[in-house]
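Presented below is the structure to which this report refers.
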Amino acid sequence: MSAGLPADPSEPAELSVVGGRLVTPDGVRDGTVVVRDGKVAALLAPGEPVPPGPRLDARGRYVLPGLIDSHVHFRTPGLEYKEDWEHGSRAALVGGVTTVMDMPNTRPPSLDEPSMLAKAEVIEGTSRVDYRFHMGADPDRPELLAELDPRIASSAKVFMAGHHTAPVVFRDHEQLRRAFAAAARGGVRLVLHAEDQHVFDLLDASAGTPDSYGGYEPHRPRSGGIVAVAQVVRLVREFGTSAHILHVSSAEEADLLSAAAAEGLPLTYEVTGHHLSFTHDDTTRRGPRTRLSPAIRESRDQKRLWQAVLRGEVATLGSDHAPHTVEEKNRPPADAPPGLPGVQELATAVWTGLRTRDVGPDEAAAHLARLMGAGPAALFDLHGKGRLAPGADADLALLDPAERWQFSSRDVQALCGWSAYEGWTFTGRFTTTVKGGRVVWDHADGFTGRPEGRWLQGSSRSLEVAR
């Protein structure tokens, strides 16, 4: 039965995506997506008349809502030699992603409303995907979280441990308490790099820095994350702050966070594609490309994270797209910066992992739509995003579920030009990406049109007042 069809089915459509397998909030089914005015106007059942207008053949494809990557570092402003919005947004579209949320650790960092407004001005006209920002929480100015205008941002990144690009770190527990209290008053969701810097400082003083990539994970062990997550659980319980833990890497962290959520605490977590795809053995063998923060851990941790994905314990999938140049990554183990490009590879790598684990294609598609669609859209107030339903933005990702192909450096869209997935054989390939009812990328024809990505602002007092 059709949904959202207007009274006059002869009214021309802006685009009709015909004959695909539609991944909707109500289930996965065959049908056609009708687009008018950049929105999903109707979902037609097989056999229902398709209105006149341009058609996109989706036979043999899953039609997903345009995916959301709520964890990217597109390095602007100040670090554009690593990545920029033109290349990062191209990588996103090729990976089925039409909306991203950018992190604050740039130069200068985005630690207040004026810096985010300045960042938006720099980015305007350069992105092919829509975007929103996470503000950076400043240990010296936690009160800003109580006053943050949700039109500019409704979430703030907290670094509990430092690394090469972390602008500020919450080293003092009282500072962290004040941030949680202020965020609760302001209705701001904290997104956290939850590793305890004091644990790492203690280990550094005792053992020094690693001289091999095999020594990196023991140098930044799971204990740092477990201690930090336990702190976050206590603070969420004390203040009622909404919190989202990023790039969970260990089985113990997943256990703690899933138990906290079961208790009813407003605490959710993200898993990255690389923690689902690689293990510490890969870093030992392959070196800097999977030297990450948090570190890649053991196969038992990877197994537990996949279990959390399949059980519905995980709220979002994120790429933590954080490119560095080849020269930077080839520094000695103690100096090589953590991070890899991943917005292009995320959904395809996870799809491959799901299918390898004998998850059926309809169920796998539903997992992607939840973890990179409805989940992040709900957490971060991305209205009109992340669902394939009448009235939603007509952002669509068409996936060939069965194509097997090998990923190479020639496929990389990120400015850095490399990927940890080079040489991987993927199952499934995105073939077409639609944004606002217009085909913006196709595997056969490439990119079309100019960058027209929008800054997605929340609703509150006007920007003039915020300035």
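For a test of the definition: using alpha carbon positions, the gyration tensor, and the 1.5 limit on a/c, classify region 162-301 as rounded, prolate or oblate.
Prolate, because a/c is 1.5 or more and a/b exceeds b/c.
Which pairs in the list Lys157/Lys303; Lys39/Lys303; Lys39/Lys329; Lys119/Lys435; Lys39/Lys82 are over 32 Å apart, alpha-carbon to alpha-carbon?
Lys39/Lys303; Lys39/Lys329; Lys39/Lys82
Can you tell me what share of the DSSP beta bridges in region 13-104 is antiparallel? A percent to the nearest 5 is fine.
60 percent
Would you work out the charge dipole size for region 66-379 about its Cα centre, treating the Cβ of every Lys and Arg as +1 and the Cβ of every Asp and Glu as -1, and quote it to the nearest 20 debye?
So the magnitude is around 440 debye.
Let me have the relative contact order for the chain, percent, based on Cα pairs under 8 Å that are six or more residues apart.
21 percent
Give the calculated FRET efficiency between Asp445 and Asp37 to the nearest 0.05, with a Förster radius of 25 Å applied to their Cβ-Cβ distance.
0.55
Translational diffusion coefficient of region 38-154 at 10 °C, 1.306 mPa s, Stokes-Einstein with Kirkwood Rh over Cα pairs, in µm²/s as a whole number.
D, rounded to a whole number, is 95 µm²/s.
Just to confirm the number: angle between the C-alpha axis of helix 173-186 and the first principal axis of the chain, 0 to 90 degrees, nearest 10?
The angle comes out near 30 degrees.
Give me Rg over Rh for region 353-458, both radii from the alpha carbons and Rh done the Kirkwood way, two decimal places.
A ratio of 0.98.
Name the long-range amide H neighbours of Ser70: under 5 Å, sequence gap of 5 or more, or other chain; modelled H, no Pro or chain starts.
Met101, Ser319
Using the Kirkwood radius over C-alpha pairs as Rh, can you work out the diffusion coefficient of region 168-235 via Stokes-Einstein at 25 °C, viscosity 0.890 mPa s, in µm² per second?
After rounding, the answer is 183 µm²/s.
So what's region 263-344 giving for Rg/Rh, alpha carbon basis, Kirkwood Rh from the mean inverse pair distance?
Ratio of gyration radius to Kirkwood radius for region 263-344: 1.03.
Against the longest principal axis of the chain, how steep is helix 346-356, in degrees 0 to 90 to the nearest 10, with axes from Cα atoms?
80 degrees
Report the label-to-label distance for Ser408 and Arg107 in nanometres (one decimal), using points 7 Å from each Cα along the Cα→Cβ vector.
Modelled inter-label distance: 3.5 nm.
Considering only DSSP beta bridges where both residues belong to the chain, give the percentage that are antiparallel (nearest 5).
In the chain, approximately 50 percent of DSSP beta bridges are antiparallel ones.
How large is log10 I(q)/I(0) at q = 0.14, 0.18, 0.19, 0.23 Å⁻¹ when the Debye formula is applied to the Cα atoms of region 117-220, each weighted equally and without solvent?
For region 117-220, the Cα-only Debye profile gives -0.68, -0.90, -0.95, -1.16.
Output the 0 to 90 degree angle, nearest 10, between the alpha-carbon long axis of helix 113-123 and the longest principal axis computed from the alpha carbons of the chain.
50 degrees
So how compact is region 289-420: Cα radius of gyration and Dmax in angstrom?
According to the Cα coordinates of region 289-420, Rg and Dmax are 16.5, 53 Å.
Each reported figure results from applying straightforward, stated rules to the coordinates on display, with no laboratory input. Quick caveat: nothing in here was measured; it's all calculated off a predicted structure. As a convention, Cβ positions derive from the backbone with ideal geometry for all residues, glycine included, and neighbour counts pool all protein chains shown.
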